[in-house]
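Engineer: Dropping the structure in here first, questions after.
The values are calculated or read from the model by the stated rules, or taken from the named source; none is laboratory data. All values derive from a computational prediction rather than experimental measurement. Glycine also receives a Cβ, built like all others from the backbone with ideal geometry; neighbour counts cover every protein chain displayed.
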Amino acid sequence: MQRTGAEAEQGSKIIIWSEASTSVSPDKEDELLKRAKELAQNKNIYLGVSYMALYKRGILPDGKIGKNKIVFINPQYEIETIYLKHIPVPGFEASLFEKGVSDIPVITTPYGKIAMVICYDADFSQFVKQVGKNKADILLIPGNDWEEIAPYHTRLSYFRGIENGVSIFSAANMATMGAADPYGKVIQEKSTFDFENGTSMKAQVPTKRVNTLYAILGDWFAWVCVFLTGACVLYMVITPIIR
């Protein structure tokens, strides 16, 4: 909270924490959100609180023990939306964390329409496509990676921006944080490995979307390529037989 307040004092208007920045038990969750709402109101900011809510076994269905979520709060002390990670990473996370089932939220703010997904969610173009269909302007992506996939995983998210015509702001821990415009031009990048006690990144991104064909038609070009490739293979197989 202290670092968030300091960033707000320096003029940041939208602040997003990296994925799973903290963890809380259900009895402490209201207290965390109360402090976050007070901070958003006092500093006049939009605040995305990314954390893990951890439960005792038997409370959540299917043996799950946690929820990986973002709570997005406006300056009026209100929760705009609560988003659970839609696609947990296969293995440990998928076995222990409840999967989100809601659509990607799109929040109208004075700084454009803000959408958000969590880390691995952004790897799936078919899922993120709704960001473009719902005419978001900025996509926030809190993440948590590891050194071997930095900066590549963050840069992969820039493709989601190009496809859907939105600016990207990736607030990743143990990785490269990054921001890019709707054309994929990198505005700012910062490696968290260069800082012993963690760090933050500020970036000014365009707040107006760019209309794209992908947001309307989806993977049409890829399917056309598949069809043409299949037609060429079929032609090469059939032609010698006919002759």
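Engineer: Which pairs do you get when a residue that is at positive phi, found in the stretch 11-34, comes within reach of a residue that is surrounded by 17 or more Cβ atoms within 10 Å (Cβ to Cβ), reach meaning Cβ atoms under 7 angstrom, with the pair 6+ apart or on two chains?
Structural biologist: What qualifies is Ala20/Ser50; Ala20/Tyr51; Ala20/Met52; Ala20/Asn68; Ala20/Asn144.
Engineer: Go through the stretch 168-220 and give me each residue that's buried (at least 16 other Cβ atoms within 10 Å of the Cβ) and acidic (Asp, Glu).
Structural biologist: Asp181, Glu189
Engineer: So is Phe159 over 26 Å from Leu84 (Cβ atoms), assigned by TED's automatic domain parsing to the domain that holds Ile82 and not acidic (Asp, Glu) or not?
Structural biologist: Criteria not met by Phe159.
Engineer: May I pose another question? Examine the stretch 12-23 for a residue that is in the same structural domain as Ile104 (by TED's automatic domain parsing), more than 23 Å from Thr199 (Cα to Cα), modelled with pLDDT of 95 or more and over 16 Å from the mean Cα position of the chain (by Cα), and state whether such a residue exists.
Structural biologist: Looking for residues that are in the same structural domain as Ile104 (by TED's automatic domain parsing), more than 23 Å from Thr199 (Cα to Cα), modelled with pLDDT of 95 or more and over 16 Å from the mean Cα position of the chain (by Cα), one finds none in the stretch 12-23, hence no.
Engineer: Within the stretch 34-68, restricting attention to residues that are within 18 Å of the chain's Cα centre (by Cα) and hydroxyl-bearing (Ser, Thr, Tyr), which residue is surrounded by the most Cβ atoms within 10 Å (Cβ to Cβ)?
Structural biologist: Ser50
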